[in-house]
Amino acid sequence: MIHRRRILKWGTMGFGSMIITPKIFSTPKKIIMGKKPLVISTWDAGINANKGAWKILREKGRALDAVEAGVMITEAEKDNCCVGLSAYPDRDGHVTLDASIMDEYGNAGSVAFIERIKHPISVARRVMEKTPHVMLAGSGAQQFAVEQGFPLEEDKLSDSAQKAYDEWLKKSEYKPVKNIENTKGQNAFAPNKLSNGSFNHDTIGMIAIDAQGNLSGSCTTSGLAFKMRGRVGDSPIPGAGLYVDNEVGAAVSTGVGEEVIKICGTHTVIEAMRHGMNPEEACKFAVERVIKRNSAEKIKDIQVAFIAIDKNGNYGGYAIQKGFNYAVCYADDYNELIDSKYSL
């Protein structure tokens, strides 16, 4: 029986300093492990997204439906710097979106460099379920979306994105900013507070295990702000930004996608779990690979983080830099509703 109490929490991340073997900051003991159903997602946007997913999971719904519904909430938010059509554009002034989804059978679908589509995560699911392919990109992905009944939205920047873009054009410089998602508000960018003209985007990634013990995951983003036209990150790539193996677990990443792609990040996490590591240990293992292949000077400006769930409903995460967080939602044996926060 799934009880009606919902616990929505921040998960405290382990993080690594600028060395190969970072110190672990463990998940607080108050967070109970081994829960089914359970949903976790990256950043503060995960709080609202988890609520959408939980409506499905609490009724013994499928994890796949939950992870799609959950991140759709974030995709639809106005003035979100990092996800959906209200996000910041590429250097040519256009918002391009990436998304991927995986189910409990190992099926995967994704879209990359898609424009003017409000819910790329749902298009990714259609790619998975309606085509023989895994990924569609660019104008082909948009064409497929329209054929599937998705409306083309107006090709116009949101007010906050236009303001950010106008500010960026003054110098046209690019440098990622670590943990820009770690803010209390949805509008994570304030141009007048960044003297070097630097910007970044991030991702909402969501993974869930349902009451039947099946796993699924989703990942959606607008990618790095003011990226080169045509840039695609890790989010739409199975095994990089998202990976699900129903026999082992599910993992999702956030941060500088190029670094995640180079180590096949989420696949690395799952394989570490397959060989006996718990979710936090496996995420740490992947983070250490990123750190090891970069110089100490370069790693100071890089944030990469992973979160994971294993087949038993245990979860954890790890990040290179301090300041990352994730949201957790599950049910237990009580009837009281509790909302709590945990952070580093």
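Distance between the C-alpha centers of the range 52-128 and the range 131-147? Whole Å please.
Distance between centres, Cα-based: 14 Å.
Rounded to the nearest 0.05, what FRET efficiency do LYS300 and ARG274 have when you use their Cβ-Cβ distance and R0 = 45 Å?
Working: r = 32 Å, r/R0 = 0.71.
Once the sixth-power term is evaluated, E becomes 0.90.
To make sure I understand the rule: partners must be aspartates and glutamates, Cα under 12 Å from the Cα of LYS292, and not fewer than 8 residues away in the same chain. Which ones qualify?
GLU259
Of the listed pairs LYS78/LYS322; LYS130/LYS163; LYS78/LYS227; LYS130/LYS311; LYS55/LYS130; LYS36/LYS298, which have alpha-carbon separations greater than 31 Å here?
Long pairs (Cα-Cα over 31 Å): LYS130/LYS163; LYS36/LYS298.
With 10 angstrom as the radius, rank ILE263, ILE204, ILE209, ILE237 by how many other C-beta atoms surround their C-beta, starting from the fewest. Each step should come with its number before you reach the end.
On the way: ILE263 21, ILE204 33, ILE209 30, ILE237 27.
Ranked by crowding around the Cβ, least crowded first: ILE263, ILE237, ILE209, ILE204.
Provide GLU75, GLU288 in ascending order of the number of other Cβ atoms located within 10 Å of each residue's Cβ, fewest first.
GLU288, GLU75
Which far-off residues, 5 or more places away or on another chain, put their amide H under 5 Å from the one on MET277, with H placed in the peptide plane?
Sorted by chain and number, the residues that satisfy this come to none at all.
Using Stokes-Einstein with the Kirkwood hydrodynamic radius over Cα pairs, what translational diffusion coefficient do you get for the range 33-119 at 20 °C and a viscosity of 1.002 mPa s, in µm²/s rounded to a whole number?
Numbers: Rh = 14.1 Å.
Taking Rh from Cα pairs, D becomes 152 µm²/s.
Using the beta-carbon distance between GLU258 and LYS156 and R0 = 41 Å, what value does 1/(1 + (r/R0)^6) give for FRET efficiency, to the nearest 0.05?
In this case the efficiency is close to 0.90.
Using the Karplus curve 6.51 cos²θ - 1.76 cosθ + 1.60 with θ = phi - 60°, what ³J(HN,Hα) values do you get for each residue of the range 281-292, in whole Hz, with x for Gly and Pro?
Values per residue, Gly and Pro as x: 4, 5, 5, 4, 4, 5, 4, 4, 5, 5, 4, 4 Hz.
Cut-off is 10 Å between beta-carbons; in what order do ASP301, ASP234 appear when sorted fewest neighbours first?
ASP301, ASP234
Laboratory data are not the source of any read-out in this text; all were calculated from the coordinates shown. What you are looking at is a predicted structure, and each value in this text was computed from that prediction instead of being measured. Counting neighbours? That spans all protein chains shown, and the Cβs are built from the backbone with ideal geometry, glycine included.
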